[in-house]
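Here the structure comes first, spelled out in structure tokens, and everything after it is commentary.
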Amino acid sequence: MKKIFSTGELAKLCNVSVRTIQYYDKEDIFKPSEISEGGRRIYSEDDLNRFRCICLYKALGFTLDEIKLLTETEHTYNYLSETIIIQQEKIDKEIATLQQTKERLSAVLEQIKETGKISVDSIEEMENILVKKRSHKKTDVMTYIFLGCYLLVLIVGFPIAFSTGGISKMVMITITILLLIGLVYYHSEVNAYVCSKCHEKFTINFWKDLISLNGAVKGKYLRCPNCGCKGWFKDTYPD
């Protein structure tokens, strides 16, 4: 004997509301295989499997029109595969758009934190800010590479040079000094700072970068040239 289900039973089996099934019925996407003399909708096991497919398509992000097209006739494996690939490409584009929007929001939020206001007058200016932020992230990577080389020389190179003796000491000291100069010079050229009090952006020269205290996560301990405020300032992209 074939199993039959009422609308409520079908809804419970598919973990949806009765109203959802009624809505798909109204939109001519999912009809019962039988209607009783009293007007009750009766669903078969085939109907159950068909509605589970509809729920799957919905969970995969297909629109009602697309679901209707997919359920109207029997489709080949190739057709379903192509449809799913197209859906993946559409979702990838949506993700890229959302990611871009998120980056814009982050740029505006960072600008508010730094300057206390929004000074972005156009999409072009915002895109320019995003380009600078991405470029600044790359400079951070280069700074860490410089720093890694410098630490490697200190930790590994110096013990070897001093144990060897002779000219090796002078060579290692020279290399260390050159790496330090290169690191500080590069850092001073690619970074700027924003005062937490007056919100003005400023840069520092090589010597200032060399002698200023560095608090890693806290940034550098500096004096704002605009308002004279002293404190820890985090680096950002220069204008």
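Could you please find all residues in the range 61-100 being within 26 Å of SER6 (Cα to Cα) and among the hydrophobic types (A, V, I, L, M, F, W, C)?
LEU64, ILE67, LEU69, LEU70
Is it the case, given these coordinates, that VAL184 is surrounded by 17 or more Cβ atoms within 10 Å (Cβ to Cβ) and either more than 34 Å from the chain's Cα centre (by Cα) or in the same structural domain as MET142 (by TED's automatic domain parsing) (or both)?
It is true that VAL184 is surrounded by 17 or more Cβ atoms within 10 Å (Cβ to Cβ) and either more than 34 Å from the chain's Cα centre (by Cα) or in the same structural domain as MET142 (by TED's automatic domain parsing) (or both).
Whether any residue in the range 127-138 is more than 26 Å from ASN214 (Cβ to Cβ), outside the structural domain of ASP235 (by TED's automatic domain parsing) and at pLDDT 75 or above is what I want to check.
The answer is no; no qualifying residue exists.
How about the range 1-89: which helices (runs of 4 or more DSSP H) wholly inside it have at least 2 residues that are in contact with a strand residue (DSSP E or B) (Cβ under 9 Å, 6 or more places away or on another chain)?
7-14, 18-26, 45-59
Name the residue that is surrounded by the most Cβ atoms within 10 Å (Cβ to Cβ), counting only residues in the range 67-106 that are in contact (Cβ under 8 Å) with a residue 12 or more places away in the chain and under 18 Å from ASP25 (Cα atoms).
ILE67
Answer yes or no as to whether ILE54 is outside the structural domain of ASN15 (by TED's automatic domain parsing) and farther than 14 Å from THR7 by Cα.
It is false that ILE54 is outside the structural domain of ASN15 (by TED's automatic domain parsing) and farther than 14 Å from THR7 by Cα.
Specify which of the listed residues (LYS12, LYS26, LYS113) is surrounded by fewer than 14 Cβ atoms within 10 Å (Cβ to Cβ), within 39 Å of the chain's Cα centre (by Cα), of a type in the set (Lys, Arg) and farther than 30 Å from CYS198 by Cα.
Matching residue, one of LYS12, LYS26, LYS113: LYS12.
The values are calculated or read from the model by the stated rules, or taken from the named source; none is laboratory data. Only a predicted model underlies this, so the values are computations on that prediction, with no experimental measurement involved. Glycine gets a Cβ as well: all are built from the backbone with ideal geometry, and neighbour counts include every protein chain shown.
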